[in-house]
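The values are calculated or read from the model by the stated rules, or taken from the named source; none is laboratory data. Small disclaimer: the values here were computed from a predicted structure and weren't measured. Here the Cβ is made from the backbone with ideal geometry for all residues, glycine too, and neighbour counts use every protein chain on show.
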Amino acid sequence: MLVTAKYVREHLPLRCYRGLLRACHQTYREVKQAIQHMHASKQLNYELSIAFSHGRPFFSLTWLRFPALSSVINNLVINVDLRLREPFSEAGTTPSMPADSDLLSLLEDNDLGFASHVFDYLAVLLKTLADLMFYRDPDSAVLYVEAVTLNLTRPTQMVSSIHGTDVRSRRVLVDREEAHGLDETMRTTLRTNVQGFGAFDASKCNTLTPLIQIGTLRFASDCTVWGKGHNLVIADKNFAWLKYAEP
């Protein structure tokens, strides 16, 4: 049977779907009102986790909170998870532990380090959000993030236990001494990385399309803030600190 628009219009029993249609409209209105309330109360908070695995040339990403698409984001939290000593194997090979040199390469300030990956992804994310805003509203040319927090979580490692004939693996926190040393190294890397950002003349912000600005960039370890900087923009695909003329 050929289903045509005329057949659907004349024969499809629409009446049984009208209740569902009204429920969908009501749900849409309620969600929209909730988002407007979050925007008015400055509670548009985004959160995601980026996990780096020792010895892996990639990272994984998990969104934890994405309430709505908006030209103003009150807070964006990026949890940086470090996973140590994960056995790695290709098909048909025996699992092997990654080398310590791989961990140093991941933690230090270089193109393959975690800090470069985090800031590269942050730039891509903000540009994508700005493009989506422009697609929805061509008059929208500004994306403002009040605060971005890079939160270093306590690293974890994989441990195995034997239960009968089963070998079970689970992830546990590394000991405090090792965690402290890794945290200090990652802090140093972040400081070095942001010190390499250039400067951009604040009077020329109107030349940036779209204008993507971060009010405050915060650094934290286990949700305790230990550093911050103010007024960043994305210029020429890179982050830059705004430079204001002296009065």
Output for Cβ contacts, cut-off 7 Å, separation at least six or different chains, first residue within 16 Å of L143 (Cα to Cα) and in a strand (DSSP E or B) in the range 58-84, second modelled with pLDDT of 90 or more and of a type in the set (D, E), reads I73/E146; N75/E146
Test for E10: is it over 24 Å from G215 (Cα atoms), surrounded by fewer than 17 Cβ atoms within 10 Å (Cβ to Cβ) and at pLDDT 85 or above = no
Counting just the residues of the range 137-163 that are of a type in the set (V, I, T) and modelled with pLDDT of 80 or more, which one comes out farthest from C223 (Cα to Cα)?
-> V142
Within the bounds of the range 159-173, is there any residue that is of a type outside the set (A, V, I, L, M), touching a His at 6+ places or on another chain (Cβ under 6 Å) and on the phi < 0 side of the Ramachandran plot?
-> no
Enumerate the pairs (first residue in the range 20-43 and of a type in the set (S, T, N, Q); second residue anywhere and in a helix (DSSP H, G or I)) with beta-carbon separation below 9 Å, excluding pairs fewer than 6 apart on the same chain, so at least 6 apart or on different chains.
-> Q43/H37
In this structure, is T185 assigned to a helix (DSSP H, G or I), more than 26 Å from Y46 (Cα to Cα) and either out of contact with any Leu (no Cβ under 7 Å at 6 or more places or on another chain) or among the hydroxyl-bearing types (S, T, Y) (or both)?
-> yes
How many residues does the range 210-231 contain that are farther than 16 Å from I78 by Cα and in contact (Cβ under 8 Å) with a residue 60 or more places away in the chain?
-> 4
Enumerate the pairs (first residue in the range 188-209 and under 19 Å from Y244 (Cα atoms); second residue anywhere and hydroxyl-bearing (S, T, Y)) with beta-carbon separation below 8 Å, excluding pairs fewer than 6 apart on the same chain, so at least 6 apart or on different chains.
-> A202/Y244
Members of the range 44-67 found to be modelled with pLDDT under 85 and either surrounded by 12 or more Cβ atoms within 10 Å (Cβ to Cβ) or farther than 30 Å from R85 by Cβ (or both), listed by number = H54, G55, R56
Check whether at least one residue in the range 166-184 is in contact (Cβ under 8 Å) with a residue 40 or more places away in the chain, exposed (fewer than 15 other Cβ atoms within 10 Å of the Cβ), farther than 20 Å from V77 by Cβ and in contact with a Phe, Trp or Tyr (Cβ under 8 Å, 6 or more places away or on another chain), and report yes or no.
-> no
Could you please find all residues in the range 197-247 being outside any strand (DSSP E or B) and surrounded by 12 or more Cβ atoms within 10 Å (Cβ to Cβ)?
-> F197, A202, K204, C205, L208, P210
Taking the stated definitions as given, is A68 among the small types (G, A, S) and under 16 Å from the mean Cα position of the chain (by Cα)?
-> yes
